[in-house]
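K.L.:
Here it is, the structure, as structure tokens.
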Amino acid sequence: MAGGQSLIPLMKFRLAAPKYLVDINGVSSLDYIRETGNFLAIGTLTRHHTIERSELIRQKLGLFAETASWIGDPQVRNNGTIGGSLVHSDPAGDWGSSIIATRALLKVKNKKKERTLDSDHFFSDTFTSEVAPDELLTEIRVPIPPDGGRSAGAYEKLERKAGDFATVGVAVQLTLSRDRRTFEQVGIGFASLGPTNLRGKKAEEALVGKSVSTSSIEDAGLAAIEDVNPSNDALRGSAEYKRAMARVFLKRALKRAVTSAGATGV
Ligand SMILES: Cc1cc2nc3c(=O)[nH]c(=O)nc-3n(C[C@H](O)[C@H](O)[C@H](O)COP(=O)(O)OP(=O)(O)OC[C@H]3O[C@@H](n4cnc5c(N)ncnc54)[C@H](O)[C@@H]3O)c2cc1C
């Protein structure tokens with residue numbers, strides 16, 4: 001148990017009944033945010049709120065501060081941890097889309113060895129990650145985006161009411177060329193748009209190397225419809241509606257990110 005924000009509800013509903021419960025909250029060495037070479041290293045036990053308020057995160061990785069601010073309510077953000085959220089692997093989880101957009105690496109360890117997973121191979125199925133029962137996720141390593149004000153991120157989330165899980169969540173992390181006219185690098189991750197968090201591969205391909213314009217952003221929005229695989233759900237809407245919202249929210253995130261990265265006229 002980390003923050004208990006998913007595990008305790010699962011136990012209350014009798015969906016989980018562990019024989020032993022190991023509380024890792026006392027392991028303070030798993031709670032940190034630091035710059036390590038070209039990465040920001042975030043310890044698994046770091047609370048959503050700590051990430052939201054971290055000066056280092058705000059300076060180097062605004063997307064993560066934004067993502068954290070969208071999670072649940074203040075109680076959930078004060079208790080819940082990034083690692084617990086990722087291992088819980090809810091396809092509606094906000095962190096999953098942002099680790100995909102930033103191409104983060106996940107360090108996982110058992111008694112004998114440590115291994116590193118990439119964000120495209122972390123989620124194996126709904127509520128299932130590649131972390132084995134005898135392993136701990138220990139660290140999330142996020143490549144620091146190229147500097148100089150030409151990199152930016154944005155998180156856009158459609159929710160029924162404040163604090164709800166995403167009906168649609170879109171994370172974008174991009175870098176523009178030095179003259180701010182071309183998309184150099186683009187990462188797009190989605191929440192609530194498939195059986196796991198997933199990458200907007202076709203949408204990324206529609207942008208990389210293309211000029212920054214309303215029409216390239218429009219193309220990416222259309223490509224996103226092919227990237228996603230949402231399900232009909234009685235609470236949050238039909239698959240058709242979610243596909244349409246994926247397009248709208250991706251375009252919003254892209255427009256905000258390119259503007260933050262210094263592009264004009266979009
Ligand atoms: C009311 C409410 C609203 C919420 N809204 C949102 C939302 O809008 N967006 C969103 O993304 N999330 C939301 N959440 C979920 C929240 O983000 C949880 O904090 C998160 O899903 C679980 O993190 P935790 O630290 O509480 O993990 P826990 O509940 O303690 O653990 C979750 C699972 O991960 C395992 N685990 C934990 N840490 C590790 C580790 N280091 N290594 C291996 N296994 C580990 C546990 O064994 C357990 O199976 C909400 C939760 C609630 C209760």
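The values are calculated or read from the model by the stated rules, or taken from the named source; none is laboratory data. Just so it is clear, the model here is predicted, and its values are computed rather than measured. Here Cβ is always computed from backbone atoms with ideal geometry, including for glycine, and neighbour counts include all displayed protein chains.
K.L.:
Would you mention how many residues in segment 184-222 are in contact with a Lys or Arg (Cβ under 7 Å, 6 or more places away or on another chain) and within 18 Å of residue 145 (Cα to Cα)?
P.N.:
The qualifying residues number 3.
K.L.:
Among the numbered criteria (1) under 24 Å from residue 185 (Cα atoms); (2) among the charged types (D, E, K, R); (3) crowded, with 17+ Cβ neighbours inside 10 Å; (4) in contact with a helix residue (DSSP H, G or I) (Cβ under 8 Å, 6 or more places away or on another chain), which one does residue 35 miss?
P.N.:
(3)
K.L.:
Within 12 Å of the ligand (Cβ to nearest atom), of a type in the set (Val, Ile, Thr) and in a helix (DSSP H, G or I), is that true of residue 51?
P.N.:
Working: within 12 Å of the ligand (Cβ to nearest atom): yes; of a type in the set (Val, Ile, Thr): yes; in a helix (DSSP H, G or I): yes.
Yes.
K.L.:
Same structure again: Where in segment 88-191 are the strands (runs of 3 or more DSSP E), entirely inside, with at least 3 residues that are of a type outside the set (Ser, Thr, Tyr) and over 16 Å from residue 203 (Cβ atoms)?
P.N.:
Qualifying strands (runs of 3 or more DSSP E): 105-109, 114-118, 136-143, 151-158.
K.L.:
Another one. Taking only pairs six or more apart or across chains, which ones have beta-carbon atoms under 6 Å, a first residue in segment 41-64 that is assigned by TED's automatic domain parsing to the domain that holds residue 78, and a second residue that is hydroxyl-bearing (Ser, Thr, Tyr) and surrounded by fewer than 22 Cβ atoms within 10 Å (Cβ to Cβ)?
P.N.:
Qualifying pairs under 6 Å: 43/32; 44/138; 52/69.
Residue by residue, here is whether (1) within 12 Å of the ligand (Cβ to nearest atom); (2) at pLDDT 95 or above; (3) surrounded by fewer than 22 Cβ atoms within 10 Å (Cβ to Cβ) holds:
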position: 110; (1), (2), (3): yes, yes, yes
position: 118; (1), (2), (3): no, yes, yes
position: 121; (1), (2), (3): no, yes, yes
position: 124; (1), (2), (3): no, yes, yes
position: 130; (1), (2), (3): yes, yes, yes
position: 135; (1), (2), (3): yes, yes, yes
position: 144; (1), (2), (3): no, yes, yes
position: 152; (1), (2), (3): no, yes, yes
position: 157; (1), (2), (3): yes, yes, no
